[in-house]
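What follows is a set of notes on a single structure, which appears directly below.
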Amino acid sequence: MTGGREDLEARSGSATALLRTVVGSTLRPIGGWMSAAGAVELMGALGFPAATARSSLARLCSRGVLVREQRVGVAGYALAPEAVPMLERGDARIFGEPSTTAEWCLVSFSFPEHQRSLRHQLRRRLAALGCGTVADGLWIGPDSLEPELEEVAAEFDADLFTGVRPAAGLGTDLAAGVARWYDLMAIRTLHDSFVARFGDTRAPVDDAEAFALWIRVLDEWRVIPYRDPGLPAAALPPDWPGEASAALFARLHRDLGPRAVAFASRVATAAYTDGSSARPLSS
C-alpha cells in the first residue's frame, strides 16, 4: 500500500513490497497485530522462505511501518501508529473513485545549483504523486492532488497554484497538452499489463491461494493510480485501457479481498488466540 514518500517510490513485486501490501490491506482489519510465526506463514503463502520473511519484517520495522510487540508471551509485530495516516492516504488513492479533472494544480520551483539534490528529490516526489512536466521547474497535476501537493510544496518551499484552467487555445486541444505533460505510453503499458496478467483470473478454491493472489493483484495495481491520477477522459485516446483495468481491479477486490482478510486473521493471530505457539520475542 502507498501514501508516504517511501511507499510511493517503492517498486512492487519484492518481498518487502508484498509484505507492506499485506500490512496495509489485512493487518488493520484484524486488529493491527500479527504473531511473528503468523507473519512468516503469510509470507510463505506468497512463496517466500522464512529467512526472507524475517528480513522483510526487519526492514519494515526500520522504516517505521511495524514495531515489535509481544502479546501474552507471543512474539509479534504491530502496525506503527505513525504509519496509519500514510496507509489511509494510500487507500484513498488506490480504492477511491478517480475524480474528473476540470481544473489543475501547478507547482513552480527553482533551486540553486548547490541544492540540486533537493531539486531531484522534489521531482521524484511530484512524479510519484502523479504530476506531469510542463517545463523543468513547472509541474502539473489534476486538482484532486491538491491536498498532497500542499504538503509537498510546503516541505520544499515551492509555489503551488490551484484552480488552474487551460487557456482557450489549449482547451481546444487538451489531449495534445496531456500527451506532452505525461508519458501516456508508459501509463498505458501499466494498464495493459495488469489486464493481461489478471484478466482471466478466477477466484481459487483454496483460501491460501486466494490470499496470495489478492496480495499480488493489489501490489501490482497500487502503482497505477499514482501514475494515472485521474486524467480527464476527453484528453485521452479513445481506446484508453484505464476503465477496463479499473473494472477488473474492482471485481478482483470484491471476489478476493474479504477472503484474504479472513485467511490473514486465522493465520496471523492463531498463536495469540490459542496460546499454542508462544515464543520469546527474540526468536
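The values are calculated or read from the model by the stated rules, or taken from the named source; none is laboratory data. Here the structure is a predicted model, which means the values were calculated and not measured. Note that we place each Cβ from the backbone using ideal geometry, even for glycine, and neighbour counts take in every protein chain shown.
Please report, ordered by residue number, the helices (runs of 4 or more DSSP H) entirely within the stretch 174-232 with at least 2 residues that are at pLDDT 95 or above and of a type in the set (A, V, I, L, M, F, W, C).
Values: elements: 174-181, 184-198, 207-221, 224-227.
In the stretch 174-232, the matching helices (runs of 4 or more DSSP H) lie at 184-198, 207-221.
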The stretch 76-106, subset out of contact with any Asp or Glu (no Cβ under 7 Å at 6 or more places or on another chain) and buried (at least 21 other Cβ atoms within 10 Å of the Cβ), residue farthest from G132 (Cα to Cα): L79
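With the requirement that a residue be of a type in the set (S, T, N, Q) and out of contact with any strand residue (DSSP E or B) (no Cβ under 7 Å at 6 or more places or on another chain), what does the stretch 100-137 give you? Steps first, please.
Pass one, the stretch 100-137, residues of a type in the set (S, T, N, Q): 100-101, 108, 110, 115, 117, 121, 133.
T100, S110, Q115, S117, Q121, listed by residue number.
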Residue among R165, R188, R222, R227 that alone is surrounded by 20 or more Cβ atoms within 10 Å (Cβ to Cβ), touching a helix residue (DSSP H, G or I) at 6+ places or on another chain (Cβ under 9 Å) and in contact (Cβ under 8 Å) with a residue 24 or more places away in the chain: R222
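Looking at E151, E155, which is the one that is within 30 Å of H253 (Cβ to Cβ) and either surrounded by fewer than 16 Cβ atoms within 10 Å (Cβ to Cβ) or not assigned by TED's automatic domain parsing to the domain that holds Y226 (or both)?
Numbers: E155 fails: within 30 Å of H253 (Cβ to Cβ).
After applying the criteria, what remains is E151.
Quick one: would you say L18 is assigned by TED's automatic domain parsing to the domain that holds M86, touching a strand residue (DSSP E or B) at 6+ places or on another chain (Cβ under 8 Å), crowded, with 16+ Cβ neighbours inside 10 Å and not hydroxyl-bearing (S, T, Y)? First the steps, then the outcome.
Values: assigned by TED's automatic domain parsing to the domain that holds M86: yes; touching a strand residue (DSSP E or B) at 6+ places or on another chain (Cβ under 8 Å): no; crowded, with 16+ Cβ neighbours inside 10 Å: yes; not hydroxyl-bearing (S, T, Y): yes.
Here the answer is no, as L18 does not meet what is asked.
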Any pair with Cβ under 6 angstrom, 6 or more apart, that starts in the stretch 75-89 at a residue that is under 20 Å from V223 (Cβ atoms) and ends at one that is outside any strand (DSSP E or B) and not small (G, A, S): A83/V65; L87/M1
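How many residues are in contact (Cβ under 8 Å) with a residue 60 or more places away in the chain and part of a strand (DSSP E or B) if we restrict to the stretch 134-162?
Within the stretch 134-162, the subset in contact (Cβ under 8 Å) with a residue 60 or more places away in the chain is 141-142, 144-145.
With the extra rule that they be part of a strand (DSSP E or B), the set shrinks to 141-142.
The qualifying residues number 2.
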Filter result for A153 (at pLDDT 95 or above and touching a strand residue (DSSP E or B) at 6+ places or on another chain (Cβ under 7 Å)): yes
